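*Asks:* So that we are looking at the same thing, I have put the structure below in structure tokens.
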Amino acid sequence: MNRSTITILLSFITTILFSQDKVFTTQKVSEPIRIDGVLDDAWNAVEWDGGDFHQRTPYDGQIATEQTKFKILYDNDFIYVYVKALDSAPDSIVRRLSQRDTYQGDRVDVYFDSYHDKRTAFCFTASASGVKSDQMVTADGDRTDSSWNPIWYLATAIEKDGWVAEMKIPVSQLRFSKSENLTWGFQIRRSIFRKGENSFWKHFDRKASGWVSHFGELTGIINLQPKRQNEIAPYVVGGIKTYDKESGNVYRDGTDPKFNIGLDGRLGLTNNFTLDYSINPDFGQVEADASEVNLSAFESYFPEKRPFFVAGKEITNFNLGFGDGDMSQENLFYSRRIGKGPSFYPDEASDTAYVLQPENTRILGALKVSGKTQNGWTVGLMETVTQSEYAKINYQGTEWKEKVEPYTNYFVSRAQKDFNEGSTVVGGMFTATNRKIDTENLKFLHKEAYTGGVDLNHRWADNKYMLDFKFTMSHVAGDSTAITRTQRSWNHRFQRPDADHLKLDSSLTSLTGFSSTIVLGKLNNSGLRYAGWITMKSPGFEINDVGYYRGADDVTQIFWMGYNISKPTKVFKYLSLNASQWQSRDFALNYNGFGLNTNGWGQFNNYWSVWAGYNYNFEGRSTSYLRGGPSFWTPAANNYWMGFETDERKAWIFSANYSAGNSINNSSHRNNYNINFSYRPIDALKLSISPSISERIDKLQYVTEVEYGDEMRYILGKIDQKTLRLEFRADLSLTPTLSIQYFGQPFISFGEYSEFKYVTDPDATNFVDRFSAFSSSQISYSSENDEYSIDENNDNSVDYSIGNPNFDVKVLLSNFVVRWEYKPGSALYFVWSQTRDPNDDYTPAYNYDMGKIFKLPPTDIFMVKFSYRFSL
């Protein structure tokens, strides 16, 4: 027999062995087991399993270099797991301390598919250092939710032949149906950090799609009754805010005390459904958003960080599109809408009037209901109420209030049904936003906003191929002021003079639209993959009351293909190559743009990683460039990037990334430099610093629009913008439940404008015919008024003026948090947050002088938060 024949035969035998079901049969114990990392006599009730773990990475299908054994027992209240991670070099076991859910060092992951639907699993992770992590896995592994933080218990220990993990998981933390004889899906994964090795009890080919559907089984669970959770965690917050006292301002006396109380809770409604609720929630311990200067036509997207809204977010997820990039952020539910800053800011009566504006809208209460039925229905509901907010205004000793945000109710619901063992999923989503608008100044807001959608996901041929379909509708209603504002917004631009398919109607009191996406592709984990999809959004589509999207009146087509090499070669451990093509049109199918992309990522055998990519955008027509004006033809452009990262297993890690872009006619160019340096001097401490510099010159930066007679003038200018961001982080974990974190970010961005011009013919074939530059005789600057006066027709009179658009932003964000989970589910926080940004007397410097940031007046917030969990 030649070598190739032997290889094929061994591969065939291995495939047969791995395709067989693996089953572990547990036993019930009569007495609780003490969790201390010691294998006592109680564990003799069941035999060891394991010893035959196989790698999935780096060498798929090969026997694990270090074997793993385990035992599982249970009683009426707990599931007990004991894992023995054998290791021939116990001194080399990596025991990194970190916060919960950070997955550092050697670890074991224990998965329970207690629904036994082959799509959903609950994962409990133990690191060798005793740090707990946990996550909920849904959609057969396509989505994971690390915000799920159940109550459970863990002890670990290093022994002469490896390390052990002993777990005690309350039955109340798992969801399952009532049955005399239960069978659950089950899996264990072992990660050896120093080797980059992941091995599994129930191995499955890395090329295979899916995750939970490949689990083995856990049997022997007899007459286990589901336990309903009933927990409350009241909290109390005390603190003080300090800042520079402002003379004459009755609202800025230098200190603002803070006191707050509230309640978080969880209640098991049935065996499968749980109610989570929060009364007067407080999120003072949450890190601030990163600073930025947004000069685009699109709203910035910020990730959710508040625990109540992060937890279980996958249940209320309804993405409008597919894939990654900006379109992946578009969703029917964007929780950052809830509790945002007030929508209205009162006009000051004069320079001597002072305004006290609320920073955020207070959330009075929020609740979520989530779960999955025995016949395959996954359901999630969220109800949130925010109070009316008022600004205080003081003018020469007279004070009054003005409503700046109405009382609002947000409702979000999601349901999905599994068919054919999860290979087909049909679902729907509905959201409602209702505002109580009873003042004239708030009539620009929608009184009602509703969205609804249905989706279908079907996979076949062992999950290799997929069809995805989504259809959503939106309806907003309110005063004609609100609907006119929506039509004129940058997301819609109904007033565009060159859009024959759009018509601005200022008499409308409602607006309706729809969106749809269809995807067809092959998405196996290795080898050739591809997908093609079309996403369309009608001109009237509007979801930004409780969702997020970047713009309507759009039809986008994308085709993507990739090739993954997951089997190590002489050079790479992993290699991924991709290419894609896209084009966009408006809803009348007028051409907007066309682009090509290619990119790749690889990890060498020494665990260094490298990546690179290139985009080419052909000349296109932007319908948002002039912010509601006519569409504007933008020049073709190149974009490219490259970077590398050193071995992430080491104490010292360095990465660098460079990206750049330029228009073909040299009307714009940019350069971005990003590096990251992290160092772990001891297992409990990680330090990192990440500086980045961005430089951009664009001769066609939008500035503003002004009226000139019966016409509109769209003003552009050359911008020279430079941005410096420096992020520093320190994470110290004194124990698995006591940590200290620091985050600091100085941020500088300044832009200087010159070469002002106005748009003359936005559709002109020749680039220089699309605008007319102002001559020195047509434009002059007044330092007294800080504005430019424009004499367009050269008759020695001012035709119109524009404000000086130059900017110089210098901000320092700093956040120091001590967190101690003194018992499972109960925590004590100490927070010191500092912000430094310009005051009214700030003089722009237009340079990288970092020292000026530390001379800015600070605003400090000191806060202590205490919560205690009761199990009822």
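The values are calculated or read from the model by the stated rules, or taken from the named source; none is laboratory data. Note that this is a predicted model, so its numbers are computed, not measured. Because the Cβ atoms are built from the backbone with ideal geometry, glycine has one as well, and the counts that use them run over all protein chains shown. Please note that ligands, DNA and RNA were not included when accessible areas were found on the heavy atoms of the full protein model with its side chains. Shrake-Rupley method; radii C 1.70, N 1.55, O 1.52, S 1.80 Å.
*Asks:* Between a first residue in the stretch 769-785 that is β-branched (Val, Ile, Thr) and a second residue that is modelled with pLDDT under 95 and not in a loop (DSSP other than H, G, I, E, B), which pairs have beta carbons less than 8 Å apart while being 6 or more apart in sequence or on different chains?
*Replies:* none
Yes or no, residue by residue, for (1) modelled with pLDDT under 90; (2) open to solvent by 20 Å² or more (accessible area, probe 1.4 Å); (3) outside any loop (DSSP other than H, G, I, E, B); (4) out of contact with any Asp or Glu (no Cβ under 6 Å at 6 or more places or on another chain):
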site: Ala208; (1), (2), (3), (4): yes, yes, no, yes
site: Ile240; (1), (2), (3), (4): no, yes, yes, yes
site: Gly284; (1), (2), (3), (4): yes, yes, no, yes
site: Asp289; (1), (2), (3), (4): yes, yes, no, yes
site: Glu292; (1), (2), (3), (4): yes, yes, no, yes
site: Phe298; (1), (2), (3), (4): yes, yes, no, yes
site: Phe302; (1), (2), (3), (4): yes, yes, no, no
site: Glu314; (1), (2), (3), (4): yes, yes, yes, no
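*Asks:* Looking at Lys699, Lys757, can you tell me which residue is in a strand (DSSP E or B), among the basic types (Lys, Arg) and open to solvent by less than 50 Å² (accessible area, probe 1.4 Å)?
*Replies:* Selected residue: Lys757, the only one of Lys699, Lys757 that is in a strand (DSSP E or B), among the basic types (Lys, Arg) and open to solvent by less than 50 Å² (accessible area, probe 1.4 Å).
*Asks:* What is the residue count in the stretch 656-696 for residues that are of a type in the set (Gly, Ala, Ser), assigned to a loop (DSSP other than H, G, I, E, B) and within 30 Å of Asp91 (Cβ to Cβ)?
*Replies:* The total comes to 1.
*Asks:* Please state which of the following conditions Gly643 fails to meet, knowing it meets all the rest: (1) surrounded by 16 or more Cβ atoms within 10 Å (Cβ to Cβ); (2) under 27 Å from the mean Cα position of the chain (by Cα); (3) part of a loop (DSSP other than H, G, I, E, B).
*Replies:* Of (1) surrounded by 16 or more Cβ atoms within 10 Å (Cβ to Cβ); (2) under 27 Å from the mean Cα position of the chain (by Cα); (3) part of a loop (DSSP other than H, G, I, E, B), only one is false for Gly643: (3).
*Asks:* Follow-up question, since we're still on this one. In a strand (DSSP E or B), among the small types (Gly, Ala, Ser) and open to solvent by less than 40 Å² (accessible area, probe 1.4 Å): is that true of Ser133 in this structure?
*Replies:* Here the answer is yes, as Ser133 does meet what is asked.
*Asks:* Looking only at residues in the stretch 473-504 that are open to solvent by 50 Å² or more (accessible area, probe 1.4 Å) and part of a helix (DSSP H, G or I), which one is nearest to Ala297 (Cα to Cα)?
*Replies:* Here the residue is Arg488.
*Asks:* Are there any pairs with C-beta distances below 6 angstrom linking a residue in the stretch 526-540 that is more than 24 Å from Pro568 (Cβ to Cβ) and of a type in the set (Phe, Trp, Tyr) to a residue that is in a loop (DSSP other than H, G, I, E, B) and open to solvent by 10 Å² or more (accessible area, probe 1.4 Å), with the two at least 6 apart or on different chains, and if so which?
*Replies:* Going by the 6 Å Cβ cut-off, the qualifying pairs are Trp533/Phe322.
*Asks:* Is it the case, given these coordinates, that Leu320 is touching a Ser or Thr at 6+ places or on another chain (Cβ under 7 Å) and open to solvent by 30 Å² or more (accessible area, probe 1.4 Å)?
*Replies:* Criteria not met by Leu320.
*Asks:* When the residues of the stretch 702-716 are filtered to those that are part of a strand (DSSP E or B) and not hydrophobic (A, V, I, L, M, F, W, C), which remaining residue is most open to solvent (accessible area, probe 1.4 Å)?
*Replies:* The selected residue is Glu707.
*Asks:* Does the stretch 266-281 contain at least one residue that is touching a residue at least 40 places away in the same chain (Cβ under 8 Å), in a strand (DSSP E or B) and over 30 Å from Asn375 (Cα atoms)?
*Replies:* Yes: the stretch 266-281 contains one or more residues that are touching a residue at least 40 places away in the same chain (Cβ under 8 Å), in a strand (DSSP E or B) and over 30 Å from Asn375 (Cα atoms).
*Asks:* Just for the stretch 458-469: of the residues that are over 22 Å from Phe541 (Cβ atoms) and either touching a residue at least 40 places away in the same chain (Cβ under 8 Å) or touching a Pro at 6+ places or on another chain (Cβ under 7 Å) (or both), which one is least open to solvent (accessible area, probe 1.4 Å)?
*Replies:* Ranking the candidates gives Met466 first.
*Asks:* Return the pair list, or none, for Cβ contacts closer than 7 Å from residues in the stretch 394-415 that are under 17 Å from Tyr251 (Cβ atoms) to residues that are of a type in the set (Lys, Arg), at least 6 apart or on different chains.
*Replies:* The qualifying pairs are Glu399/Lys392; Lys401/Lys392.
*Asks:* Tell me, which strands (runs of 3 or more DSSP E) wholly within the stretch 340-391 include 1 or more residues that are open to solvent by less than 50 Å² (accessible area, probe 1.4 Å), touching a helix residue (DSSP H, G or I) at 6+ places or on another chain (Cβ under 7 Å) and of a type in the set (A, V, I, L, M)?
*Replies:* Correct list: 363-372, 377-386.
*Asks:* Continuing with this model, one more query. Mind checking which residues of the stretch 214-231 are of a type outside the set (Asp, Glu), within 31 Å of the chain's Cα centre (by Cα) and open to solvent by less than 40 Å² (accessible area, probe 1.4 Å)?
*Replies:* Phe215, Gln229
*Asks:* With respect to Thr512, determine if the residue is part of a strand (DSSP E or B) and over 30 Å from Asp479 (Cβ atoms).
*Replies:* It is false that Thr512 is part of a strand (DSSP E or B) and over 30 Å from Asp479 (Cβ atoms).
*Asks:* Read through the list (1) assigned to a loop (DSSP other than H, G, I, E, B); (2) at positive phi, then give the number of the only condition that Leu445 fails.
*Replies:* Answer for Leu445: the failing condition is (2).
*Asks:* Still on this model: Listed residues Ser775, Ser780; which is in a strand (DSSP E or B), open to solvent by 20 Å² or more (accessible area, probe 1.4 Å), more than 23 Å from Arg496 (Cβ to Cβ) and polar (S, T, N, Q)?
*Replies:* Ser780
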